[in-house]
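Some notes on the structure that comes next.
What follows is calculated from the coordinates using simple rules that are stated; it is not laboratory data. On a predicted model such as this, the values are computed, not experimentally measured, just so you know. Cβ sites come from the backbone with ideal geometry, for glycine too, and all protein chains shown count toward neighbours.
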Amino acid sequence: MENLSCEAGDRIYDPEFVADLFDRCSANYRRWSAVSSFGFIYVWRYQCVARIEPLGKESPVVVDLMAGTGEIWPHILRRFPEVGSITALDISHRMHLEAVERLHQSYADKIVHLEVNALETDLPTEHADIVVSSFGLKTFDQDQQAVLAEQIARILKPGGRFSLIEASDPKGWMFRPLYRFYLDRMLPQIERFFLKGANDFSMIGTYTRNFGNSRHMAQVLRNAGLVVEMRSHFFGCATSVAGHKPGD
């Protein structure tokens, strides 16, 4: 894993690299992400959606950036049962296919899939009442995060809400060395054993180390004109940013 990440260098933020990475791991993503995070990923998605303030309007339009296989949708639909539609953006073709195959029929008609780079989406300006993202931020470097922030500010309606969460590097936590040992050493070995030599999920170690936490994302969202509050989850193992676009 270390060899792969070192060889890849800055390519780990190239859209083609990211698309290929998630195409390869798409079939195991739902199960393996839950197992490797000891179930925390479910809790963190719930907490991400819980941070969205009530809108007080009917049929809100939701945009899910870096949507993956749609694990956050049940949380959204439970909190906002009146949702009009969810537009799911993801750069990985296989992720979209896995999401479609696993959709519950009761809300499949609410999901619109767009295979697109979130940095280049041509969704209409002031299109969304809610923008969410769970565990996609780490695949962007700081310059790309600034572009993403501008996109979020553009597609949100005035008064619209957003909430984004990402696995992070809990610097200052007394158990950080164990956390890093698990991500950087143990997880690659576990993945190779159970997934026949794969080392795709193990990239989370490299991505989280480079990402650090959501502090930079919070700042570029503010620079884009949004009201932002950052929050730490489980001693900083995940961090989230949530807020709204000033207006109505």
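Across every direction, the projection of the convex hull enclosing the Cα atoms of the stretch 2-244 has a mean area of 12.1 nm².
Put a dot 7 Å past the Cα of Asp20, heading toward its Cβ, do the same for Val43, and the two dots end up 3.6 nm apart.
Give me the percent relative contact order of the stretch 38-142, please, defined on Cα pairs under 8 angstrom at least 6 residues apart. Answer for the stretch 38-142 is 35 percent. Available extension along the chain between Tyr182 and Glu229 is 14.0 nm, counting 0.36 nm per residue and deducting the alpha carbon span.
Across the chain, C-alpha contacts under 8 Å between residues 6 or more apart give a mean separation that, scaled by the residue count, equals a relative contact order of 21 percent. Annotation: lysines with alpha-carbon distance below 24 angstrom to Lys157 (same-chain offsets under eight excluded): Lys57, Lys110, Lys245. Between Arg78 and Val100, the modelled labels are 2.8 nm apart [label points 7 Å from Cα along Cα→Cβ]. By other beta-carbon atoms within 10 Å, ranking Ser232, Ser214, Ser36 with the fewest at the front produces Ser232, Ser36, Ser214. Each label was represented as a point 7 Å from its Cα along the Cα-to-Cβ direction; for Gln142 and Leu114 these points are 2.9 nm apart.
Cross-link partners for Lys138 among the lysines, with Cα-Cα distance under 20 Å and sequence neighbours closer than 8 places in the same chain left out: Lys171.
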